[in-house]
Amino acid sequence: MSTTLTLYVPRDSAALAVGADAVADALRAQAAASGSELTLVRNGSRGLLWLEALVEVATPQGRVAYGPVAPEDVPTLWPALLADAAVQGGSHPLRQGLTEQIPYLARQERLTFARVGVTDPLSLDDYAAHEGWAGLKAAVGQNSAAILQAVTHSGLRGRGGAAFPAGIKWRTVAGAAGPVKYVVCNADEGDSGTFADRMVMEGDPYLLIEGMAIAALAVGAQAGFIYVRSEYPQAVAVLAEAIERATQAGWIGADVVGSGKRFDLQVRMGAGSYVCGEETAMLESLEGRRGIVRAKPPLPALQGLFGQPTVINNVLTFAAVPTLLARGADFYRNYGVGRSHGTLPFQLAGNIAHGGLVEKAFGLTLRELLFDFGGGTRSGRPIKAVQVGGPLGAYVPESQWDVPLDYEAYAAIGAVVGHGGIVVHDDTADLAALARYAMEFCALESCGKCTPCRIGSTRGVEVIDRLVANRGNPAVHEQQVTLLRDLCDTMLGGSLCAMGGMTPYPVLSALNHYPADFGLAPAQVASESAAAT
């Protein structure tokens, strides 16, 4: 008598990079050889990236996880999978127990990522069975004002660098005059250490589609675009297929859920430019031109894509909307602290033992993320610095690891939460070299339109080089540190966009908190900082 098994192997890019396809093939071959009937679901990743490729087996008690699994593990793994499916309890060194009880997952508050890793990403039935389309159905039964009120009251803010209230942006577009309006998703996720957008697009694409459709109903838009970075071909393919299926099923298209309103959605691939993560440069690229930052005003909400009123948010912002419409604004608002409502998927990367995705309500601390979830460094050495908020985010020293992770608290210490990317460095890191890299990165990626960014970043590299080359020479140090601070002040205040305006964050934080790496004494940096202020 054959045994029936239901197994889950992720199709997420991170899992594919460590051999998930080969693991899936090995499982199919093992099932055929043993005469077992196999249902193999290619789900999204659970976000426990140190355990990829993660294999899950369905049991009456829930899914049981094994990882990290390589193709050569499958023959010894197979008896354990059969035993788990037969409720006998499998035994294997890679067995992690019930997936939902793995501490890394059990301690999270997964709202946006509730389905990622659970469902088949392209199955409409699977999506609907897990509360999918509930938010869109609720929105169809309301008028624009009610949807806008819900989004505003929820306290949802853009899950990018600016953290601008989504409800205010949407209201502006809804009230703007124009023959046509657009909804654009900025999925040009280029920050180092970030991968949450990609995980949603690959692991739960209908969530993004649903969130954008709700935005369209709220502001009266008829068309939308998802601008995906060129380095995400898997996400582009999954989204294109999901859009086609959702359109055929009537969730979007000519008649959104029977509402009589149209919303057509398309995917566009970026051209490899980091600065196109800035909304106006992205619009230029979408319109077929080189990605160069536009001057504001006019705001994109009033004159955006093709000169028409446009809602622009990133993936995580749109992906939060279906939950707050389905469960109510108060449900979402009650997560978080202060003015930072809801949850944020934090992404642990760099020198970290347990890298992956952690969705938590705002208000936890960096120390909790680094140790309770991340398990310290992968190298086993002490953590020296943590960059929060992408390549233009500040380096946060241990003295600030207990500051609550919320937008205002981090702004007060000269840092940004940004997209939730967290990159860890151990005590071998050279912060002067990392500060130099920030300036060099800006010089390479600048669109070139404004002088503070284009020229300031190039001069910044030269100043840091002089600082490092003259270690032990106080006269040169004082002169160069003053010059570096003046340069950063010009970039902060004079750049057209965040590319130049935020590059000083990693530079100044490295200089202020790790002076020894520049050959400076702490007292010297403190006095020079006070003089600059």
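Computed quantities for the displayed model
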| read-out | value |
| --- | --- |
| Near pairs, Cβ below 8 angstrom, 6+ apart or cross-chain, from region 69-81 (of a type in the set (V, I, T)) to any residue that is open to solvent by 10 Å² or more (accessible area, probe 1.4 Å) and assigned to a loop (DSSP other than H, G, I, E, B) | V69/L94; T76/H92 |
| Filtered residue count, region 416-431, keeping only those that are over 25 Å from L316 (Cβ atoms) and crowded, with 23+ Cβ neighbours inside 10 Å | 1 |
| Residue pairs meeting the criteria (Cβ under 6 Å; at least 6 apart or on separate chains; first under 14 Å from S192 (Cα atoms), in region 436-450; second open to solvent by 30 Å² or more (accessible area, probe 1.4 Å) and part of a helix (DSSP H, G or I)) | E445/Y274 |
| Identity of the residue in region 285-310, closer than 20 Å to T451 by Cα and open to solvent by less than 40 Å² (accessible area, probe 1.4 Å), that ends up modelled with the highest pLDDT | V293 |
| Members of region 157-167 that are within 18 Å of I214 (Cβ to Cβ) and touching a Phe, Trp or Tyr at 6+ places or on another chain (Cβ under 7 Å) | R157, G158 |
| Scan of region 449-471 for residues that are under 12 Å from G519 (Cα atoms), assigned to a loop (DSSP other than H, G, I, E, B) and open to solvent by 70 Å² or more (accessible area, probe 1.4 Å), ordered by number | R471 |
| Test set (1) more than 24 Å from V180 (Cβ to Cβ); (2) among the charged types (D, E, K, R); (3) surrounded by fewer than 18 Cβ atoms within 10 Å (Cβ to Cβ) - R229 fails condition number | (3) |
| Residue in region 104-117 that is more than 25 Å from F331 (Cβ to Cβ) and either without any contact (Cβ under 8 Å) to a residue 24 or more places away in the chain or β-branched (V, I, T) (or both) present | no |
| Test: residue in region 40-52 that is open to solvent by less than 10 Å² (accessible area, probe 1.4 Å) and more than 23 Å from the chain's Cα centre (by Cα) | no |
| Number of the exception - L357 against (1) out of contact with any Pro (no Cβ under 7 Å at 6 or more places or on another chain); (2) crowded, with 18+ Cβ neighbours inside 10 Å; (3) within 29 Å of A14 (Cα to Cα); (4) among the aliphatic types (A, V, I, L, M) | (1) |
| Selection within region 472-481 - open to solvent by 10 Å² or more (accessible area, probe 1.4 Å) and either touching an Asp or Glu at 6+ places or on another chain (Cβ under 7 Å) or touching a residue at least 60 places away in the same chain (Cβ under 8 Å) (or both) | E478 |
| Flag for G519 being at pLDDT 80 or above, open to solvent by less than 50 Å² (accessible area, probe 1.4 Å) and under 22 Å from A385 (Cα atoms) | yes |
| Residues within region 388-406 that are surrounded by fewer than 18 Cβ atoms within 10 Å (Cβ to Cβ) and either in a strand (DSSP E or B) or of a type in the set (D, E) (or both), tallied | 3 |
| For V151: the one exception among (1) part of a loop (DSSP other than H, G, I, E, B); (2) under 19 Å from Y407 (Cβ atoms); (3) among the β-branched types (V, I, T) | (1) |
| Enumeration of residues in region 220-262 that are more than 22 Å from the chain's Cα centre (by Cα), outside any helix (DSSP H, G or I) and not aliphatic (A, V, I, L, M) | G220, Q222, G250, W251, G253, D255, S259, G260, K261, R262 |
| Tally, over region 360-387, of residues that are within 23 Å of A516 (Cα to Cα) and either assigned to a helix (DSSP H, G or I) or open to solvent by less than 10 Å² (accessible area, probe 1.4 Å) (or both) | 2 |
| Residues that are open to solvent by 30 Å² or more (accessible area, probe 1.4 Å) and of a type in the set (A, V, I, L, M, F, W, C), drawn from region 72-84 | L82 |
| Residue list for region 407-432, restricted to those being of a type in the set (A, V, I, L, M), in contact (Cβ under 8 Å) with a residue 12 or more places away in the chain, assigned to a helix (DSSP H, G or I) and under 17 Å from V507 (Cα atoms) | L431, A432 |
| Qualifying residue in region 482-492 (condition: of a type outside the set (F, W, Y), surrounded by fewer than 16 Cβ atoms within 10 Å (Cβ to Cβ) and in contact with a Pro (Cβ under 6 Å, 6 or more places away or on another chain)) | no |
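Let's see how each residue does on (1) assigned to a loop (DSSP other than H, G, I, E, B); (2) of a type in the set (A, V, I, L, M); (3) in contact (Cβ under 8 Å) with a residue 40 or more places away in the chain; (4) farther than 30 Å from A443 by Cα:
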position: L265; (1), (2), (3), (4): no, yes, yes, yes
position: R268; (1), (2), (3), (4): no, no, yes, no
position: M282; (1), (2), (3), (4): no, yes, yes, no
position: S285; (1), (2), (3), (4): no, no, yes, no
position: R294; (1), (2), (3), (4): yes, no, no, no
position: I312; (1), (2), (3), (4): no, yes, yes, no
position: A319; (1), (2), (3), (4): no, yes, yes, yes
position: L324; (1), (2), (3), (4): no, yes, yes, yes
position: D330; (1), (2), (3), (4): no, no, yes, yes
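Quick grid of which residues meet (1) part of a loop (DSSP other than H, G, I, E, B); (2) under 26 Å from the mean Cα position of the chain (by Cα):
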| residue | (1), (2) |
| --- | --- |
| V64 | no, no |
| P68 | yes, yes |
| D73 | no, no |
| L77 | no, no |
| G97 | no, no |
| R110 | yes, yes |
| I147 | no, yes |
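Conditions tested, residue by residue: (1) open to solvent by 40 Å² or more (accessible area, probe 1.4 Å); (2) of a type outside the set (D, E).
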position	(1), (2)
G190	no, yes
F195	no, yes
A223	no, yes
A237	yes, yes
A242	no, yes
D264	yes, no
Y274	yes, yes
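The values are calculated or read from the model by the stated rules, or taken from the named source; none is laboratory data. It should be emphasised that the depicted structure is a prediction, and the values quoted were computed from it without experimental measurement. Glycine gets a Cβ as well: all are built from the backbone with ideal geometry, and neighbour counts include every protein chain shown. Surface areas here come from the heavy atoms of the whole protein model, side chains and all, with no ligands, DNA or RNA. Shrake-Rupley method; radii C 1.70, N 1.55, O 1.52, S 1.80 Å.
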